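S.K.: Mind having a look at this structure? Questions to follow.
Values in this text are rule-based calculations from the coordinates and carry no lab data. None of these values were measured; they are calculated from a predicted model. Positions of Cβ are backbone-derived with ideal geometry, glycine not excepted, and every protein chain shown enters the neighbour counts.
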């Protein structure tokens, strides 16, 4: 079972993920066989797409025999698989390292991570396939992309080269205009048409394919011929250049691999992962480092280039390279960025983590001892201001209603002190927000914190039309329901049965009237009183009348009616009684009774986790969160409630003094908060604690893994509610519980497995390079070995090539820097060391890119934050790289040839029929009037590469015969129309036999002109309405079978029934229309809309 990828994520997706994790932990949710657990990473040497880019030829042959004659038929068809070649599509790149503008050390190897696992192998770049064991055994593939690192002087063109009349672009129309000279970009590339690259003077290029469109452009970089030769010259077994051999791109097969990770605890990768937290990415890293001889930071430029066509550039005579006059080689760059390369004397990642760890404190201004002075000399006013600052306040410019400018105090939702507010209720409803301002009487300065929060909530709500519309509908529904029930209580009467049951006693009372003493009284006052009745004031059924007079009648307060109505509107759908709400509140895991309440509740809950709230309302001053710092905070629940109150104050057209409807909505929200949700085994969590991290490390590692622990053990409760990158260098984490000995007390921050950096060696100096060969296993059992220990730490000196050359500082003549690894020599040396040292624990004979990708990983650092103290304590640790475990016989990770697909895997539709009068149930009421029927088809199964040609629904027509029930006897309506997926047309026809209609046939056919139909993945839902259907009437409820109604036609299979049997239809008799007197009175009041 393949889990779906997350789409349209809620800011609170961690809550829904927690529910799925609980199901998985109980064994109620299956996962894929290759599911990767948290903290693990799975590497594959490559994964190729179904078809790589390029031209293909399909040929078919069929032998036909008839009447003793044989005739072979053949057919051929050429087709071209078009893949991105000169520019990557938007969103293809996940991250790059080092990030743009950041700094790294010389030994670092820049890399690019792609969102799609097949990107590096979308094109073939090497045609050397014969006699290559790792290719023939499907162990490695050469990518078509490579990352190359350059310094500015290696790519920058001189003014003479850019000159319009005598430069290298002099023969290209549009680039030889002196008024508009050619300029290089910030990364020293030149934008130009691909078809014009061959016309650049003194330049050769590996781009030899024909471009169908002359308008196709690319970013071209121009390498000096000698540097290009040094980067692609074939190296012998000892890592030394072989200049008389063709150019070699096979060495780049070790520099790309696929990584599958578990995204739990990550902020960015989790957004596009599957619901089981799995995602697959591809990685391409460089084999060229930054300068090793500098003592100052040096600007480096990384280019992601295409290496297609390089293998054949020397032609049939490699010794003739380079040709006369060749000064540059033009290459196509698909992405580029710049960074600074630090010498080895600069601080490293470990020191950055240590500096970050030393900055842990609460979110408030940094007040030094010099700012405080001597505490015993502070005046009361100074002490009061200092207390305000320590509580997280800041002073701001404020303009009062009359226009004068003055100062005020303000604070965001994140505070550095314990939140003592009652987080469950909010009774201070406001209509303006200004009444939430608080005057500091000692300083005479206004605190506008909660007034600003109220105005923010109202402003954000106004900006969301869908929320305002739904809120107005909710207010109307609550008001109508409450007033309807209140008015019923005032005008309550007796039902018809109650009147009939009282008639005998009424007759008896009439018989006794002649014996009444009041009638026989001789008093004139009594006789006058017999005909006198005091006037009765009419009952006021309006909203103000109810509010003032209901208690005098001994009924419920008006607030109780609104509360009850709000509970009904906010409830979940009752499966047993669809027309009425259930007693359970809607909690996002069940079905809402009101669609408008679903929108309102989601908006409120998203704001409660501070989604889309401007950061200046959360951190009011940048001094509270300086660079390279970690700041913890409490969440001010008063601030949150004030913001929500401002949003809910909209659409109030009833009572401007006492908004009882808004108070009832608050009651409904609190009811949701206090009701357990079975799916997460707790009440709905809301944030009360959190922290912010602002550091360059967040930019470098946006997916830094976050773990919340109790001691050293993971916490089973839902603690982490939000984990987001809110700015390039800032991470926000919200937690549902405060740190304590009973909840959680430790936070781990770890470099993510897919963003670990790559290094040329553990030590890289201008004189030598040292490698740290790690242990590798093909056995699941480590035996008695320590997997974290190194096999060896060999060293290669710059001036000694007796052991081979693993790193080239310069070319053989030492005339220019090369700074590249000998990947063939490196891979063979490492493989030999592992085989010799590991014995039976490592049984493999091939160095793969997965093996080298793990070997060349840099060290991983973790930051531990111990929060079980007044002042958070931090510790930085280096994780020794875990051992490499490979499979003894690695299966080819290439897509196999197509095989027949079982019927269980083929896509099929789940079929349902509903009436528009009751779209939630399969029951259709047998009425006298025509109805509209909804036909709903939901795709099930694995779409793969299937295509639907048509779907046919055949509805038998017949009289109301209980032995053979039919849905209808005839159809004279206007036809059908699509509600979703307008790729299809519903065609309605009626078949007849002997002039009698027998079947109504509805055929869904694609609008596409393609004969093979519509791809199944585009047919996730097909819904259409059949208008004006007269349903057959039976004497009692009856089931109408639909098993034989539907046929499907796939382009790769014949006509067949759907795999899940269609759901039958239940025809029900209409409910009795007889009403009691109370119901009739209620209906009259409702129709009269008494307000």
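S.K.: Once the Cβ-Cβ distance between residue 404 and residue 384 is put in as r, and R0 is 35 Å, what FRET efficiency do you end up with, to the nearest 0.05?
M.R.: It comes to 0.95.
S.K.: Let me ask something additional. Gain in length, residue 244 to residue 589, computed as 0.36 nm per residue apart minus the alpha-carbon separation, to one decimal in nm?
M.R.: 117.3 nm
S.K.: What distance in nm lies between label points placed 7 Å from Cα along the C-beta direction at residue 62 and residue 932?
M.R.: Roughly 4.6 nm, to one decimal.
S.K.: Moving on to the next point. Below 8 Å between Cα atoms, with a sequence gap of 6+, how large is the relative contact order for the range 85-342 in percent?
M.R.: 33
S.K.: Separation between the residue 216 and residue 366 pseudo-spin-labels, each 7 Å from Cα along Cα→Cβ, expressed in nm?
M.R.: In this crude label model, residue 216 to residue 366 measures out at 5.3 nm.
S.K.: Calculated from DSSP H runs of 4 or more alone, at -39500 (n - 2.57) each and per residue, what is the 222 nm mean residue ellipticity of the chain, nearest 500?
M.R.: Value at 222 nm, helices only, nearest 500: -6000 deg cm²/dmol.
S.K.: Only Cα pairs under 8 Å and at least 6 apart count here; give the relative contact order of the range 908-1068 as a rounded whole percent.
M.R.: Normalised by residue count, the contact order of the range 908-1068 is 35 percent.
S.K.: Fewest to most neighbouring Cβ within 10 Å: what's the order for 927, 203?
M.R.: Going from least to most buried by this count: 927, 203.
S.K.: Note down the relative contact order for the chain as a percent, whole number, built from C-alpha pairs under 8 angstrom at least six residues apart.
M.R.: 12
S.K.: Something else: Could you calculate the contour length gain from residue 814 to residue 959, that is, 0.36 nm times the residue separation minus the distance between their Cα atoms, to one decimal place in nm?
M.R.: Extra length available between residue 814 and residue 959 comes to 42.4 nm.
S.K.: Next up: How much of the DSSP bridge set in the range 908-1068 is antiparallel, in percent, rounded to the nearest 5?
M.R.: 90
S.K.: Using R₀ = 51 Å, calculate the FRET efficiency as 1/(1 + (r/R₀)^6) where r is the Cβ-Cβ separation of residue 1020 and residue 843; round to 0.05.
M.R.: Efficiency computed from Cβ-Cβ geometry: 0.65.
S.K.: Considering every pair of different Cα atoms, what Kirkwood radius, in Å, is found for the range 85-342?
M.R.: 19.8
S.K.: Between helix 558-569 and the chain, what is the angle of the helix's C-alpha long axis to the longest principal axis, kept within 0 to 90° and rounded to the nearest 10?
M.R.: 50
S.K.: Round to the nearest 10 and give me the degree value, 0 to 90, for the angle of helix 637-648's Cα axis relative to the longest principal axis of the chain.
M.R.: 70
S.K.: Within 10 Å of each residue's Cβ, count the other Cβ atoms and sort 304, 378, 456 from fewest upward.
M.R.: Ordered from fewest to most neighbouring Cβ atoms within 10 Å, 304, 378, 456 come out as 378, 456, 304.
S.K.: Which FRET efficiency value, to the nearest 0.05, do you get for residue 226 and residue 152 by plugging their Cβ-Cβ distance into 1/(1 + (r/R0)^6) with R0 = 22 Å?
M.R.: Computed FRET efficiency for residue 226 and residue 152: 0.80.
S.K.: If you don't mind, another one. Compute the helix-to-body angle for 595-608: its Cα long axis versus the longest principal axis of the chain, expressed 0 to 90° and rounded to tens.
M.R.: Helix 595-608 sits roughly 50 degrees off the main axis of the chain.
S.K.: If I model a spin label at residue 1038 and residue 90 as a point 7 Å from the Cα along the Cα→Cβ vector, what separation in nanometres do I get?
M.R.: 5.9
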